[in-house]
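Quick notes on the structure that follows.
The values are calculated or read from the model by the stated rules, or taken from the named source; none is laboratory data. Just so it is clear, the structure is predicted and the values come from calculations on it, not from any experiment. Note that we place each Cβ from the backbone using ideal geometry, even for glycine, and neighbour counts take in every protein chain shown. For the accessible areas, the whole protein counts, side chains as well, though only heavy atoms, and no ligand, DNA or RNA atoms are used. Shrake-Rupley method; radii C 1.70, N 1.55, O 1.52, S 1.80 Å.
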Amino acid sequence: MKKLTTILTIAAAALMFSSCIIVGADDLPELIIEEKTTTTTPKPSNPEPEPVYYHSITCKNQTSFTVTDWCVKKDNIVTYAKSGYNRSIRSGGEDMIMDLPEGYYKVYFSFEDEYQLNPGDYYSSESIYLNKDVIYTLYERQVSVACRAAGTAVKPQLYLAGSDGTEIDLVSE
């Protein structure tokens with residue numbers, strides 16, 4: 001009898017729970033999922049590198065001094081044409097530094113007659129932007145300097161005249 005009572009109780013519970021009605025609103029909007037396609041333009045796998053153009057700086061010496069060494073520095077970091085051998089330019093002569101990539105440069109000159117030159121032995125220009133071949137001519141001006149102890153002295157001032165019409169004063173480093 002115990003078994004019969006247990007079976008009837010389980011059957012009644014199952015019958016009671018199975019008769020539940022779920023009521024919902026009919027006016028709910030339907031959920032619609034749209035599939036959209038997007039188009040992208042493919043990027044080239046190997047973009048063309050920008051061309052690098054090379055230029056030259058020619059320096060002519062029209063001073064009474066001999067240039068014992070000269071060089072150029074790009075962005076004040078990379079030095080071109082400065083080596084264990086000095087690049088000298090005699091008075092009235094010229095020299096050229098070639099294969100310089102486009103960019104900002106400073107031109108350096110030394111007139112010291114020493115085997116081992118120091119950074120303080122050079123005169124430098126202001127930064128110039130090199131985007132074509134250019135010729136610079138080194139000139140000197142005579143500047144009078146008045147001094148109480150020595151009186152008036154004449155001191156040469158060095159400058160570069162460029163083929164592009166620029167004039168650049170040189171300053172001692």
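Using the Karplus curve 6.51 cos²θ - 1.76 cosθ + 1.60 with θ = phi - 60°, work out ³J(HN,Hα) for each residue of segment 96-110 in order, rounded to whole Hz, and write x for Gly and Pro.
These are the phi-based 3J(HN,Hα) values: 10, 10, 10, 6, 9, x, 4, x, 8, 9, 10, 9, 10, 10, 10 Hz.
Got a number for the accessible area of Leu8? Probe 1.4 Å, square angstrom, nearest 10.
110
So what does Ile10 come to for accessible area, using a 1.4 Å probe and Å² rounded to 10?
110
Tell me, what ³J(HN,Hα) does each residue in segment 135-141 have, in order and in whole Hz, if you take phi through Karplus 6.51 cos²θ - 1.76 cosθ + 1.60 with θ = phi - 60° and put x for Gly and Pro?
Working through the residues one at a time gives 10, 10, 10, 8, 10, 10, 10 Hz.
Please give, to one decimal in nm, the separation of the simple spin-label points placed at Glu140 and Ser163, each 7 Å out from Cα toward the Cβ.
2.5
Name the long-range amide H neighbours of Tyr122: under 5 Å, sequence gap of 5 or more, or other chain; modelled H, no Pro or chain starts.
Glu173
For Gly103, which sequence-distant residues (separation of 5 or more, or a different chain) have an amide H within less than 5 Å of its own amide H, given hydrogens modelled in the peptide plane?
Under 5 Å from the amide H of Gly103: Leu130.
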